[in-house]
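First the structure, in the form of structure tokens, and then the observations on it.
The values are calculated or read from the model by the stated rules, or taken from the named source; none is laboratory data. None of the values given here were measured: they were computed from a predicted structure. Glycine also receives a Cβ, built like all others from the backbone with ideal geometry; neighbour counts cover every protein chain displayed. To get the accessible areas, we keep the full protein, side chains included, count just its heavy atoms, and leave off ligands, DNA and RNA. Shrake-Rupley method; radii C 1.70, N 1.55, O 1.52, S 1.80 Å.
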Amino acid sequence: MNDKQVTFDDLVSLSKRRGIAFPSSDIYGGIQSTWDYGYLGTEMKRNIRELWWKNVVQKRDNVFGIEAAIITNPSVWEASGHVSNFTDPLVDCLECNGRFRADHIVDDVCPECRVKTKFTDERNFNLLFKTYVGPVEDDANIAYLRPETAQGMFVNFTNYQNTIRRKIPFGIAQIGKSFRNEITPGQFIFRTREFEQMEMEFFCAPEESKKFHEYWKKERMDWYINELQIPESKLRLRDHEKDELAHYSDATADIEFNFPWGWGELEGIAHRGDFDLSAHATGSGKKITALNIENNEHFIPHVIEPAVGVDRILFAILCASYNEEQLEDGESRILLRLPESIAPIQIAVLPLSKKDELTPIARNIVEDLRENFRVEYDETQSIGKRYRRQDEIGTPYCVTCDFDSLDDQAVTVRFRDSMEQERIKISELKNYFNLKMNTNDKKVILLHPYIIMV
Ligand code: ATP
């Protein structure tokens, strides 16, 4: 079997064809680089979120969830530096009038018309989306849609310290939408103006911050390899140069993925120092500190932040799992080698024909498996076409009921990757899949001993 290298167009076309993502407001001509997720994309995003939450929050005894508001008091963004500093350098091409991020232009060539060095001077463009709170559209009522979820954690640091019954080190984690008026969104769901982030702010003593930065770099890299099963060869960890650092960061490492156009950021793991808590203490006039119980002195915690986009992970997983195989009989098939935990449908139940005797058996199997697994029933088209469709959407197992099932009370289980088949008794199917997709991972990650406050 011969595997083909995935291209960008392969993925966009598969996504539209099968219901992973569609251009948003398509019937009105869409709106620049904005996407609506279809029934498969929605499931996959949900699975990614759940795996992240399980690894970052549920399995640890010192990371806690939060759901903070998207629209906040604008002072949050003034104190955080976003109103004055959250900018990208913008240039216009004098030849084609295209607008680009100056730091995305390679070798002084316009990405659109390919003419060299004919750009306006750089000017800073602020990425915050503005809106107005209430009926009056004046400066006093300006508010911003959050450009990152992180500030929700910083402004709630004291609330958490008072309620979680732990001393630092501890983390606050959030999944939610963020908004950036990107100059050049694009490359499918890689860069959009509305996207979903999964971020965790880990508060620790300043002298432990370097150690925890290293710790989180390794934890996050391991997650991609072990849980999302992304091949190690497609990932790399890259430390930022000093001139790349964001305005809040002391040091940042990116986990990069080898996308069809080359290496691109998947996740940033930033050492934010005490920048944010200090800024909010100054901005709000409130004391935001932690207590060192050994010397009874207050200090400002440092922060390590792993931050990633759900949409970007989905794109990376699609790239990593897409395959076009030449089969021995001269046919070819497209398949997504998705891990079972991400696959939008884990088991497809397919009666060989629409004949009355077979469909009730298949429907009963669906009902039986539905409680534990994501299951789909499909009786349309030939069995070969149905297998190909399930391969394309990454379904790891197909269960086929045929006329023998009426006698032997057994079905055929077909494996996506090897296309091998196995005959299993219907009464044993649930156990069989429970064992196959064993999620019996009970390990709790004890990140650091903690002290219960009394
Ligand atoms: P870039 O340099 O690509 O603009 P960034 O360094 O500004 O990204 P961060 O602020 O570190 O990005 O955001 C954390 C993560 O959020 C990124 O690693 C990425 O996965 C995701 N992300 C950021 N901007 C976007 C976007 N416009 N669309 C989709 N995902 C995004």
**Report entry** Number of the exception - Val83 against (1) surrounded by fewer than 16 Cβ atoms within 10 Å (Cβ to Cβ); (2) of a type outside the set (Ser, Thr, Tyr); (3) modelled with pLDDT of 90 or more; (4) not in a loop (DSSP other than H, G, I, E, B)
**Finding:** (1)
Query raised in the report: For the range 104-122, which residues satisfy the criterion of being open to solvent by less than 90 Å² (accessible area, probe 1.4 Å), outside any loop (DSSP other than H, G, I, E, B) and touching a strand residue (DSSP E or B) at 6+ places or on another chain (Cβ under 7 Å)?
Result: Val109, Phe119
Report task. For the range 148-196, name all the residues that are farther than 26 Å from Lys59 by Cβ and of a type in the set (A, V, I, L, M). Result -> Val155, Ile183, Ile189
Query raised in the report: Of all residues in the range 6-39, which are in contact (Cβ under 8 Å) with a residue 60 or more places away in the chain, assigned to a helix (DSSP H, G or I) and of a type in the set (Phe, Trp, Tyr)?
Result: Phe8, Tyr39
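Every residue, every condition in (1) charged (D, E, K, R); (2) over 22 Å from Glu227 (Cβ atoms); (3) in contact with a Cys (Cβ under 7 Å, 6 or more places away or on another chain); (4) buried (at least 18 other Cβ atoms within 10 Å of the Cβ), yes or no:
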| site | (1), (2), (3), (4) |
| --- | --- |
| Ser13 | no, yes, no, no |
| Gly19 | no, yes, no, no |
| Asp26 | yes, yes, no, no |
| Gly30 | no, yes, no, no |
| Ser33 | no, yes, no, yes |
| Thr42 | no, no, no, no |
| Asn47 | no, no, no, yes |
| Trp53 | no, no, no, no |
| Gln58 | no, no, no, no |
Query raised in the report: Given the conditions (1) farther than 12 Å from Ile304 by Cβ; (2) basic (Lys, Arg); (3) surrounded by 20 or more Cβ atoms within 10 Å (Cβ to Cβ), which single one is not true for Lys242?
Result: (3)
Query - Hits in the range 143-178 - residues which are open to solvent by 30 Å² or more (accessible area, probe 1.4 Å) and either free of Cβ contacts under 8 Å to residues at least 12 places away in the same chain or not basic (Lys, Arg) (or both) - result: Leu145, Val155, Asn156, Thr158, Asn159, Tyr160, Gln161, Asn162, Thr163, Ile168, Ile175
Query raised in the report: What number of residues within the range 367-385 are open to solvent by less than 50 Å² (accessible area, probe 1.4 Å), free of Cβ contacts under 8 Å to residues at least 40 places away in the same chain and in a helix (DSSP H, G or I)?
Result: 2
Query raised in the report: Only one residue in Asp407, Asp402 is free of Cβ contacts under 8 Å to residues at least 60 places away in the same chain, over 29 Å from Gly38 (Cβ atoms) and surrounded by 16 or more Cβ atoms within 10 Å (Cβ to Cβ). Which one?
Result: Asp402
Query raised in the report: So is Lys210 over 23 Å from Leu11 (Cβ atoms), open to solvent by 30 Å² or more (accessible area, probe 1.4 Å) and among the basic types (Lys, Arg) or not?
Result: yes
Report task. Could you please let me know if Ile255 is of a type outside the set (Asp, Glu), closer than 23 Å to Tyr322 by Cα, in contact (Cβ under 8 Å) with a residue 12 or more places away in the chain and part of a loop (DSSP other than H, G, I, E, B)? Result -> no
Query raised in the report: Within the range 188-229, restricting attention to residues that are away from the ligand (no atom under 11 Å from the Cβ) and assigned to a loop (DSSP other than H, G, I, E, B), which residue is nearest to the chain's Cα centre (by Cα)?
Result: Leu228
Query raised in the report: over 14 Å from the mean Cα position of the chain (by Cα), open to solvent by 10 Å² or more (accessible area, probe 1.4 Å) and within 16 Å of the ligand (Cβ to nearest atom): does that describe His271?
Result: yes
Query raised in the report: Quick one: would you say Glu199 is touching an Asp or Glu at 6+ places or on another chain (Cβ under 7 Å) and in contact (Cβ under 8 Å) with a residue 60 or more places away in the chain?
Result: yes
Query raised in the report: Does any residue of the range 125-141 turn out to be in a loop (DSSP other than H, G, I, E, B), touching a helix residue (DSSP H, G or I) at 6+ places or on another chain (Cβ under 8 Å) and in contact (Cβ under 8 Å) with a residue 24 or more places away in the chain?
Result: yes
Report summary line: Scanning the range 353-363 for residues that are assigned to a helix (DSSP H, G or I) and in contact (Cβ under 8 Å) with a residue 24 or more places away in the chain gives Leu358, Ile361, Ala362
Query raised in the report: Do any residues in the range 278-296 that are on the phi < 0 side of the Ramachandran plot have Cβ atoms under 7 Å from those of residues that are exposed (fewer than 11 other Cβ atoms within 10 Å of the Cβ) and part of a loop (DSSP other than H, G, I, E, B), where the two are at least six apart or on different chains, and which pairs are they?
Result: Ala281/Lys287
**Report entry** Pick from the range 424-437, criterion open to solvent by 90 Å² or more (accessible area, probe 1.4 Å) and among the charged types (D, E, K, R), ranking: farthest from Asp356 (Cα to Cα)
**Finding:** Glu428
